[in-house]
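Comments concern the structure below.
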Amino acid sequence: MKPEIPAEFAEFAERHKKNKGMCNLELKEEIDAFENPLETELLRIYIDKETIITKSASLENDFPITQDYGTSKEPPSTPGAIPDIVDFEKILCFGTSGDGASFCFDLRQTPPSIIWWNDDHWRILANNFKDFIALFYE
């Protein structure tokens with residue numbers, strides 16, 4: 001059973017319900033909340049709990065442990081990189097960038113941080129949803 005969706009996200013999703021989650025938000029600057037370089041956009045969010053649960057459940061299949069994923073304890077040296085996730089029980093996928101890369105809540109910590117699949121590794125973008133959404137024009 002997946003953890004609850006953070007209330008701050010539920011309020012944000014409600015504002016984008018009329019567009020069925022399409023928000024296409026652009027970054028104010030090309031940096032994350034830690035001032036590391038970032039090039040992305042928040043194209044779509046999932047506006048209902050069922051879709052979030054379904055997309056989150058598919059992460060385990062999308063990221064199977066292979067010789068290239070999930071076997072190294074060390075993250076890449078890229079700023080913000082975190083170790084490969086092998087247990088997605090406390091990861092909630094809430095949206096995608098334009099290229100389809102997942103934005104997720106990492107509920108392994110409190111408050112949940114925001115992580116993103118950056119081509120070949122996961123990286124933390126912000127310590128919480130408020131700091132994450134402040135990166136974008138809304």
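Numbers for the structure displayed
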{"quantity": "Lys, Arg +1 and Asp, Glu -1 on Cβ, resulting dipole of the range 25-138 about Cα centre, debye, nearest 20", "calculated": "420 debye"}
{"quantity": "Neighbour net charge for F103 - beta-carbon separation under 13 angstrom, K R +1, D E -1", "calculated": "-1"}
{"quantity": "Percent RCO, i.e. relative contact order, over the chain, from Cα pairs under 8 Å lying at least 6 residues apart", "calculated": "25 percent"}
{"quantity": "Among 101-111, 5-15, the order from most to least packed when residues are scored by Cβ within 10 Å on average", "calculated": "101-111, 5-15"}
{"quantity": "Tail beyond 24 Å, pair distance distribution of the chain (Cα, percent)", "calculated": "24 percent"}
{"quantity": "Solvent-free Debye scattering, log10 I(q)/I(0), computed from the Cα coordinates of the range 1-54 at q = 0.25, 0.31 Å⁻¹", "calculated": "-0.99, -1.12"}
{"quantity": "Dimensionless Rg ratio for the range 75-138, taking C-alpha atoms and the 2.2 N^0.38 Å reference", "calculated": "1.06"}
{"quantity": "Members of K28/K130; K20/K49; K28/K55; K49/K90; K17/K90; K28/K90 lying beyond 19 Å, as alpha-carbon distances in this model show", "calculated": "K28/K55; K17/K90; K28/K90"}
{"quantity": "Sum of -39500 (n - 2.57) over DSSP H runs of 4+, divided by residues of the chain (222 nm, nearest 500)", "calculated": "-6000 deg cm²/dmol"}
{"quantity": "Pair R15, L27: separation of 7 Å Cα→Cβ label points (nm)", "calculated": "2.0 nm"}
{"quantity": "K17 accessible area, assembled protein chains, probe 1.4 Å, Å²", "calculated": "100 Å²"}
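The values are calculated or read from the model by the stated rules, or taken from the named source; none is laboratory data. These numbers come from a predicted model, not from an experiment. Every residue, glycine among them, receives a Cβ derived from its backbone with ideal geometry; neighbour counts consider all protein chains shown. Just the protein is used for accessible areas: all its heavy atoms, side chains included, with ligands, DNA and RNA removed. Shrake-Rupley method; radii C 1.70, N 1.55, O 1.52, S 1.80 Å.
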